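Readers should treat all values here as calculations from the given coordinates under stated rules, not as data from a laboratory. Bear in mind that the values here come from a model prediction, so they are computed numbers and not experimental data. A quick note on method: Cβ atoms are made from the backbone with ideal geometry, for glycine too, and the neighbour counts reach across all protein chains shown.
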Amino acid sequence: MTVPVLRTRLPAVGTTVFTQMSQLALEHGAVNLGQGFPDFGCDPKLIDLVNEAMRAGHNQYPFMTGVPALREAIAAKVEALYGRAYHPGSEITVTSGASQAIMTAILCSVHPGDEVIVIEPAYDCYLPAIALAGAVAVPVAMQVEQQGYSVPWDRVASAVTPRTRMIVVNTPHNPTGSILRMPDLEALAGIVAGSDILILSDEVYEHMVYDGEQHASVSRHPVLAERAFVVSSFGKTYHVTGWKVGYVAAPAPLMVEFRKVHQYNVFSVNTPMQHGIAGYMQDPTPYLELPAFYQKKRDLFRDGLAASRFELLESSGTYFQCVRYGAISDLPEAEFARWLTVEAKVAAIPVSAFYSQPTESGIVRFCFAKKDETLKKALETLSRL
C-alpha cells in the first residue's frame, strides 16, 4: 500500500521543549520547575460554581462570542483596571485559551507575504501561527544586561518595513519575567502611529506584576488600543490551565474579522466553565490578591538561590525566574537543562528554546508556580550547585 506523502505546513516544528522536559522530569523523578503550570488546585468556590452551572443545564453550545455574563464581567474588569471601555457585545470574545486567541488574531489579519515583528525570546506559539498565515516572522532580540532583559525599541523601529503588518508584544514576558512599563508603550506607539501596523499583545500574566508595579496593558494607551488584539487567560489567573479558557479584547472593526476565523476554528468555548468564571469574577479579590500570592513564592525561590552560584535576573512579572549558570557549568543551555534534570533532579527550560535561531546566553528558566514544599525541595539541590 502506498502511503501519501504529506507536505507539512510546519516543517521546522517538532515536539515542544515543555513536553520534552516534563517527560524527562517524569522519567528521572525530578522536581518539575520547567513547564509553566501550578502543582496546586484552584479555589473550591470556582469548582462549585462550575458544578452549579452544569446542574442548572448550561451544557449546550453557548454564543459563539462567549456567554454574555462573562463578556460583561471581562469588560468591567478591563475598564476598572486599565481605563479602556470595551463593548462586551462587539469587542470581547471568549476563546479556547490564549493560544487559540493568538492563532486566530494572526490568521484573521496577517496575509501571505506580510511581515510580523516578534520580540525574542518569544513564547513558542507565535512563530507557527505566523507560518500558517503564510507570513514572515521578523525576530528582534531583547537586550540581555546585568539585571535582565529589555526591549531595544530602536531595533524594533529599524525592523519595520512597508510589509510590516503586525508587532507581537508580551507583558509580563514569558520566558524572561521582565515587564513593559509606560515608557515602553510610548516607544511602541511612536513606532506605529500613523501606520496600518497592528499590535498583538499577549497579557496572560497580567495579574502577576510585583514590587508595587502596575501592569502596563496596551489597553491603557489610546494609540495602541485602537489597533490591538489584547489577549489574556483565566487559566493563568485562576490556576486552571487545563480548562483552556481565555479571551481577546479589540476594537469592533478588528473583532469582526477575529470572529470570522474564531467561528470556524473553535466556534465556542466550554459552556459551564464560562458561567462558573462569570460568577467567580463578581468578586475581584482573587485577581487583585494574585500579585502578593505569587510575589511571596518568587521571594521564597529567589532567597533560596541568593547564596548559590546561580545569578538571578529580573523577575518583575509572570511566575518565572531566569538565572545565569556560568559559574556552575559551561554546557550549552539545552545540555545544562538536561543535566540539571537527570543529575540534580530539578527540571528547567533552556531560554535558547525561545529563539528562532540558535542563541546561547547561558540562561535557564525556572517556574515558581508551585507549592512551597515543592520549591523548598528543589532549592535543597539548587542551592548547593
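For this structure, a couple of remarks:
- Net length gained if the chain between Thr161 and Thr381 were fully extended (0.36 nm per residue, minus Cα distance): 74.3 nm
- Range of Cα positions in the stretch 263-319 per principal axis (Å), largest first: 50, 30, 15
- If both residues of a DSSP beta bridge must be in the stretch 45-286, then about 35% of such bridges are antiparallel.
- Over all other residues within a Cβ to Cβ distance under 10 Å of Asn170, the charged ones net out to -2, with Lys and Arg as +1 and Asp and Glu as -1.
- Dipole in debye (nearest 20) - the stretch 245-333, about Cα centre, beta carbon charges: Lys, Arg +1; Asp, Glu -1: 160
- Sites listed here are GluC sites (Glu not before Pro) in the stretch 176-223 whose DSSP assignment is loop and whose Cβ has at most 15 other Cβ atoms within 10 Å: Glu213.
- Across the stretch 1-113, Cα-Cα pairs farther apart than 24 Å form 57% of the total.
- Rounded FRET efficiency, nearest 0.05, which uses the C-beta distance separating Arg55 from Leu331 and R0 of 56 Å: 0.55
- Loop-located GluC sites (Glu not before Pro) in the stretch 252-345 (DSSP state other than H, G, I, E, B) with a sparse environment of at most 13 neighbouring Cβ atoms within 10 Å: Glu289, Glu343.
- Charge tally around Phe336: other residues with Cβ under 13 Å, Lys/Arg +1 each, Asp/Glu -1 each, net -1.
- Alpha carbon centroid spacing (whole Å) that separates the stretch 137-185 from the stretch 310-385: 22
- Cα-based convex hull, the chain, per residue volume (Å³, whole number): 160
- With at most 10 other Cβ atoms within 10 Å, longest stretch of the chain clear of loop trypsin sites (Lys or Arg not before Pro) (DSSP): 10-383
- Cβ-placed point charges (K, R +1; D, E -1), dipole of the stretch 45-286 about Cα centre in debye, nearest 20: 560
- Annotation: the residues His262, His221, sorted from fewest to most other C-beta atoms within 10 Å of their own C-beta, follow the order His221, His262.
- Sorting Glu360, Glu373 from the fewest to the most surrounding beta carbons within 10 angstrom yields Glu373, Glu360.
- Estimated from the Cβ-Cβ distance and a Förster radius of 22 angstrom, the FRET efficiency linking Asp211 and Ala307 is about 0.55.
- Candidate cross-link partners of Lys297 among the lysines, defined by an alpha-carbon separation under 27 Å and a same-chain spacing of 8 or more, comprise Lys45, Lys77, Lys236, Lys244, Lys345, Lys370, Lys371, Lys376, Lys377.
- Paramagnetic reach from Met64 (point 7 Å along Cα→Cβ, amide N under 14 Å) across the stretch 250-264: 255-264
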